[in-house]
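Below is one structure, written out as structure tokens; the observations come after it.
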Amino acid sequence: MKIRIIGCGAMGSGMVKNLQRTDHEVATFDPDPTKQEQMKKLGATPVSRPTAGIAETEVVLLSLPTSSMVWETVIGKEGILSYLSEGAYILDMSTTDVEMTKHLARSAKEKGVDYLDCPVSNGPTGANDGTLTIMVGGEKEAFDAMLPVLSAIGKEVRYIGPSGSGQVVKLCNNMMVAGITALLSETFLTGAKNGVDPKKIAELMAIGSAQTKVLSVFGPNLIDDTHNEVKFLLSHMAKDINLYMDMTKKAESPALIGSLVAQLYEAAKRQGLGHLDTSAVGQVVEWMGNHKISV
């Protein structure tokens, strides 16, 4: 199929590589010329602007960092929706606001375009290896039609339900990851202050009832103080937490623990840690405890 990818960062570039492997015709846009050159080396065709030649495109994949960028790209002044042909598909792989997602899906439907929210998990490594977990919201018929495309970049592709459902699951997932990372920081610090090497704590957690994938992904950075080895940017996690908190407010759902987690990540961001890994939230816990986790 003729596919356009808009946003070629760590996630988008992996998607380009795997779509090329499955013989799709891939064109890309990113405002960063360096990234565009990288996409060219992967075999894609860079274009000068998001809408260039897009009327011939069958599928558009969005991999953008913020809801506002998704909104502007889809229905802004030069939004792609005005240029896409009837029968095209928009697959939003970004993590974005639920209500905005529903609005964009309705707007797309009025133009004869199917819009699926397809947020992903497993990070840049999953994107590069084609092993992303993809949770999809939208019309089931559109999901069935796009399953071959999604399967080219993901290992676990799940249909969740109506528009916005994929985003709901992704935000709940990321809040859980953020909360566990913060709690790991606290427990490792408590252990260290009581004279036990956090590595030993992690080893026992890994074989006990506290075992969690979050431990294996972010635990090493917490224990070794290697927050510059980014698995998932703290600034992106903070953004997703805020989206989750907005969702709880609109649903009038309790967020007692969520609010504490949100404050920790906001504090980390204000301390200038947004460019580091999500695990850098542990530095806030360390400052509060006046002690280091790493020994």
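For this structure, a couple of remarks:
- Among beta bridges identified by DSSP and lying wholly in the chain, the antiparallel ones come to about 15 percent.
- Net length gained if the chain between residue 176 and residue 203 were fully extended (0.36 nm per residue, minus Cα distance): 7.6 nm
- Lysine pairs in the stretch 89-239 whose alpha-carbon atoms fall under 18 angstrom of each other, counting only those eight or more residues apart or on distinct chains, come to 13.
- For the stretch 17-85: span of alpha carbons on each principal axis (Å, largest first): 31, 26, 19
- For residue 75 and residue 156, a Förster radius of 30 Å and the Cβ-Cβ distance give a FRET efficiency of 0.50, rounded to the nearest 0.05.
- The alpha-carbon of residue 292 sits under 14 angstrom from the alpha-carbons of these aspartates and glutamates, leaving out residues fewer than 8 places away in its chain: 186, 197, 224, 225.
- Largest mean-square fluctuation among 251, 262, 88, in a Gaussian network model of the chain whose springs join Cα atoms under 10 Å apart, belongs to 251.
- Where only alpha carbons of the chain are counted, the Rg and the Dmax (Å): 20.1, 65
- Ellipticity estimate at 222 nm from DSSP helix runs (n ≥ 4, -39,500 (n - 2.57)) divided over the chain, nearest 500: -17000 deg cm²/dmol
- Within the shell of other residues whose beta carbon sits under 15 angstrom from the beta carbon of residue 176, the net charge comes to +1, with Lys and Arg scored +1 and Asp and Glu -1.
- Rg and Dmax of the stretch 145-269, both derived from C-alpha coordinates alone, stand at 16.9, 57 Å.
- Volume of the convex hull of the stretch 223-295 (Cα atoms only), normalised per residue: 84 Å³.
- Candidate aspartates and glutamates for bridging to residue 250, where Cα separation is under 20 Å - those fewer than 8 sequence places away on the same chain excluded: 97, 99, 117, 240
- Within the shell of other residues whose beta carbon sits under 13 angstrom from the beta carbon of residue 286, the net charge comes to 0, with Lys and Arg scored +1 and Asp and Glu -1.
- Heavy atoms of residue 71: accessible area, 1.4 Å probe, square angstrom to 10: 90
- Using Cβ point charges alone (K and R +1, D and E -1), the dipole size of the chain about the Cα centre works out to roughly 280 debye.
- Theoretical gain in end-to-end length, residue 82 to residue 249 [0.36 nm per residue, Cα-Cα removed]: 56.8 nm
- Magnitude of the charge dipole, the stretch 1-72, Cβ model with Lys/Arg +1 and Asp/Glu -1, debye to 20: 180
- Most mobile listed residue (181, 248, 34) in the chain, GNM with C-alpha springs under 10 Å: 34
- Pairwise Cα separations in the stretch 188-233 fall into 5 Å bins from 0 onward with the following percentages, short to long: 5, 22, 29, 24, 15, 5, 0.
- Choice from 165, 63, 82 showing the highest fluctuation, given a GNM over the chain with Cα pairs closer than 10 Å: 82
- Potential extension, residue 236-residue 210 segment - 0.36 nm per residue separation minus Cα distance: 6.8 nm
The values are calculated or read from the model by the stated rules, or taken from the named source; none is laboratory data. In this text, all values refer to a predicted model and were calculated from it rather than measured experimentally. In this analysis, Cβ positions are derived from the backbone assuming ideal geometry, glycine residues included, and neighbour counts consider all displayed protein chains. These accessible areas exclude ligands, DNA and RNA; they are computed on the full protein's heavy atoms, side chains included. Shrake-Rupley method; radii C 1.70, N 1.55, O 1.52, S 1.80 Å.
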